[in-house]
There are 2 protein chains.
Amino acid sequence: MKAEYINPFVRSVVNAFSTMIGCEVKRGQLSLGRPGNRLHEVSGVIGLSGTAAGTVVLSLSREVALKVAAALLLVEPEEMNSEVIDAVGELTNIVAGAAKGELDQFQLSISLPTVVMGRDHQMRFPSNVTPICVPFETPWGPLSLEVGLAPRPAAVPAEVG
Amino acid sequence: MKAEYINPFVRSVVNAFSTMIGCEVKRGQLSLGRPGNRLHEVSGVIGLSGTAAGTVVLSLSREVALKVAAALLLVEPEEMNSEVIDAVGELTNIVAGAAKGELDQFQLSISLPTVVMGRDHQMRFPSNVTPICVPFETPWGPLSLEVGLAPRPAAVPAEVG
């Protein structure tokens, strides 16, 4: 995956927090995804498909997930209820949706978000795809973005004829 | 989600095990997804998008994941290495890919598979989508299929004008 493809997703995360959640997030150094990276406790996952296929994972600590839900829903959830799950799914949806508009060469559309929970969950991409990971610091704790995007072999246009 | 939409995915699971892995799987009773359902230890996840948006989750016990990898790769992995991850991702890809052909009214394309691991992971759909779950028994243990599919509001054609 080309490093430049991560930039629209990074901008989306920064913009979503700034405009919808009302806080600044500080971006850390990007790295190539290593197998076995542990994620934070709650991860929103959404698929991308078009002339490339991809997946976006937005992983939040429990505290960040609760604060995101509080900001989006104007309530103060104290536990990981369905409103918090929906808020994390919606944030993932917003991040992927805004980024796909900047990657129009791939004509991407996005799937339904799902939210994975579990203290020790890991998420792996196929071994022929190296995702790019970007950590962020929010006022309430850590957040990470992981994106893998691979051109679809069938998408190569047949020029012959 | 209409119950009939699950059938192509069920057929895909049965066919993939029968033709590629060389064993019969026994389908259990389908149920509507309940929040908080715990999954097996390894889950392949893939997004669907077109005029509907969806996600397919194929969750396997560790033993089933190892046997699937052994059958697909003709090796006998003893631990959850990257080959096993790839085999679970590929099985999820095959199941979703075969099913989308039978749901051509949605013009679905599939995203990149990812594989979630963790003994206690849960996976949740947005609360406005009720996924359908189907358990299967394989000769090596349990497997479950969970599919959520929602029509995309933007896909309603504007007839005016």
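Once the label point is placed 7 Å from Cα along Cβ, list for A:E24 the distances to the corresponding points in the other copies, in nm, shortest first. So the distances to the same position in the other copies read 6.6 nm.
Can you run the Rg to Rh ratio on chain B? Use alpha carbon positions and the Kirkwood inverse-distance Rh.
Values: Rg = 15.8 Å, Rh = 16.0 Å.
Reported Rg/Rh (Cα atoms, Kirkwood Rh): 0.99.
Label point of A:P139 (7 Å along Cα→beta-carbon): distances to the other copies' equivalent points are 6.0 nm, sorted ascending. The angle between the Cα long axis of helix A:7-16 and the main principal axis of chain A comes to about 30°, on a 0 to 90 degree scale.
Seen against the Cα atoms of chain A and their longest principal axis, helix A:82-100 is set at about 40 degrees. Our note on the geometry: Cα centres of the range A:1-70 and the range A:86-129, 8 Å apart. Along its principal axes, the protein assembly as shown has C-alpha extents of 54, 50, 36 angstrom, given from the largest down.
Selection among A:V75, A:G47, A:A16 by position relative to the dipole of chain A gives A:G47 as farthest towards the positive end (Cβ unit charges, Cα centre). Remark: label point of A:E76 defined 7 Å out from Cα along the Cα-Cβ vector; separations to the same position in other copies 5.9 nm, ascending.
Compute, for the range A:3-150, the length of the dipole vector about the Cα centre, with Cβ point charges of +1 (Lys, Arg) and -1 (Asp, Glu) only. Units Debye, rounded to 20. Don't jump to the answer; show the numbers that get you there.
Working: 10 positive and 15 negative charges, 100 e Å.
So the dipole magnitude of the range A:3-150 works out to roughly 480 debye.
Taking each DSSP H run with n ≥ 4 as -39500 (n - 2.57) and averaging over every residue of the protein assembly as shown yields -8000 deg cm²/dmol at 222 nm.
Sort out the exposed loop GluC sites (Glu not before Pro) in chain A (DSSP loop, at most 16 other Cβ within 10 Å) and tell me the longest stretch that has none.
That gives A:103-158 as the longest site-free run.
Values quoted throughout were computed directly from the atomic coordinates according to the rules given, and no laboratory measurement underlies them. The structure presented is a predicted model; accordingly, all values stated were derived computationally and were not measured. A quick note on method: Cβ atoms are made from the backbone with ideal geometry, for glycine too, and the neighbour counts reach across all protein chains shown.
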